[in-house]
1. For the range 162-178, name all the residues that are under 28 Å from LEU135 (Cα atoms) and either free of Cβ contacts under 8 Å to residues at least 24 places away in the same chain or buried (at least 21 other Cβ atoms within 10 Å of the Cβ) (or both).
2. Hey, can you tell me all the residues within the range 163-178 that are of a type in the set (A, V, I, L, M, F, W, C) and more than 12 Å from ASN212 (Cα to Cα)?
3. If LEU210 passes every condition in (1) among the aliphatic types (A, V, I, L, M); (2) modelled with pLDDT under 75; (3) surrounded by 14 or more Cβ atoms within 10 Å (Cβ to Cβ); (4) assigned to a helix (DSSP H, G or I) but one, which one does it miss?
4. With respect to ASN87, determine if the residue is at pLDDT 80 or above, touching a His at 6+ places or on another chain (Cβ under 7 Å) and assigned to a helix (DSSP H, G or I).
5. Which one is surrounded by the most Cβ atoms within 10 Å (Cβ to Cβ) among residues in the range 274-288 that are under 43 Å from the mean Cα position of the chain (by Cα) and at pLDDT 75 or above?
6. Is there a residue being part of a loop (DSSP other than H, G, I, E, B), among the polar types (S, T, N, Q), farther than 22 Å from ASN87 by Cα and assigned by TED's automatic domain parsing to the domain that holds TYR90 anywhere in the range 183-199?
7. Any residue at all in the range 230-238 that is surrounded by 10 or more Cβ atoms within 10 Å (Cβ to Cβ), modelled with pLDDT of 75 or more and either among the small types (Gly, Ala, Ser) or assigned by TED's automatic domain parsing to the domain that holds TYR173 (or both)?
8. From the list SER93, SER106, SER120, exactly one residue is over 27 Å from the mean Cα position of the chain (by Cα) and at pLDDT below 80. Which is it?
Amino acid sequence: MTTPRSRNGFLSELPSFKFYGELNKDISKCFYCHYCDNSSYNFSDEFPKKIFCYHFVKNLKILKDKMSENADLKNMYCNHLIHWIYNKYYNMSLGHGIKISEEFISKLNKLRNIILQGVSGTNDDYCNNLFKNILSYDDIQRRKDFQDYYVNYKFIHQKSTEKNGKCYNFYDYLNSKKDFYVDMVEQCKKDHEKKYCEHINYTECNPQTLINLPECNNEKTRSTNGLDIQADVLEVKDGYRLRYVWETDDYINFSDYRFIILVGLSIWGVILSLFFLYNNTPVGLWIKNFLKKKEIIRRNFDFDVEHDMLSDNSNHMHENLERGQYSVGYYS
């Protein structure tokens, strides 16, 4: 049986997984970070929010560089950005139950206006509507999930029309989305405020449609490519577990100051634990006695050696003062 990573390696090709990884990369070059140092944006006095601002403008640069004419991708990019903002904001606050403040969104919107204004090529600014409507975290998460699936579905559908598109690689992903799609249709029908499905045509993304295609449902082809069919289906039956494999793959970041703090606290905890054991357990008493015995033995040994050396030198002092005869041979 293969590992989830090897079985689901193809998922990194899907647009939503690929873009998620881009947003969460470390900052290497930051073209717009100087805005965060500007006092007019009120980030300079709060260090955590200032770090947040650096990452935010880095991600705005990513969106600006993606001048795609595909409206579906643009909507997905904006949904990912808003979801990223909410996640990072709640990491700095008390949890997902706290509603994001309008003041904080207003600060971010000022930066968005400067960096993304006019990028979309239309009268509406890039991602403007998403910043106007402040939703709950659950609503943001649901909207992102729906948009992700919709874009991924269209990507897989495009693969099914290509000669070597290998649509069969996404069979398990599509199969895991059956129940998700049923819930999506139900939610979109009731979504009169267009919180979740504003840019989604939910009637044209049924996963069963692609599953029924020979290009996407070729068991023989999938078997020859090393996929364990039964194991894969069981592994990805839960769509959220499938997403977890890739969205959290590179999330651990050893340059994160929180990681360094945790390591330091762990080492300090180990030192304190050893000190407690040394002072309050039989093991510590045994170690003390052992070290004390070694010290006594060392002192006695040094004293005896010194005594022997002094007595030996005094007994043979007259011999040391005598000069022995030299025997030198002479050859003519």
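1. Residues of the range 162-178 under 28 Å from LEU135 (Cα atoms): 176-178.
Result: SER176, LYS177.
2. So the first thing to find is which residues in the range 163-178 are of a type in the set (A, V, I, L, M, F, W, C), and the list is 167, 170, 174.
Correct list: PHE170 only.
3. For LEU210, the failing item is (2).
4. The answer is no for ASN87.
5. Step one: filter the range 274-288 for residues under 43 Å from the mean Cα position of the chain (by Cα), giving 274-281, 283-284.
With the extra rule that they be at pLDDT 75 or above, the set shrinks to 274-277, 279-281.
On the way: LEU274: 11, PHE275: 11, PHE276: 11, LEU277: 13, ASN279: 10, ASN280: 10, THR281: 11.
Per the stated criteria, the residue is LEU277.
6. Residues of the range 183-199 that are part of a loop (DSSP other than H, G, I, E, B), as a first pass: 191-199.
Add one more test, that the residue is among the polar types (S, T, N, Q), and what stays is none.
No, every residue in the range 183-199 fails to be part of a loop (DSSP other than H, G, I, E, B), among the polar types (S, T, N, Q), farther than 22 Å from ASN87 by Cα and assigned by TED's automatic domain parsing to the domain that holds TYR90.
7. From the range 230-238, those surrounded by 10 or more Cβ atoms within 10 Å (Cβ to Cβ) are 231-238; that's our starting set.
When the remaining residues are screened for being modelled with pLDDT of 75 or more, the result is none.
No, because not a single residue in the range 230-238 is surrounded by 10 or more Cβ atoms within 10 Å (Cβ to Cβ), modelled with pLDDT of 75 or more and either among the small types (Gly, Ala, Ser) or assigned by TED's automatic domain parsing to the domain that holds TYR173 (or both).
8. Working: SER93 fails: over 27 Å from the mean Cα position of the chain (by Cα); SER106 fails: at pLDDT below 80.
Testing whether each residue is over 27 Å from the mean Cα position of the chain (by Cα) and at pLDDT below 80 leaves just SER120.
The values are calculated or read from the model by the stated rules, or taken from the named source; none is laboratory data. The structure displayed is predicted, hence computed values, not measured ones. Ideal geometry is used to build each Cβ from the backbone, glycine not excepted, and the neighbour counts take in all protein chains shown.
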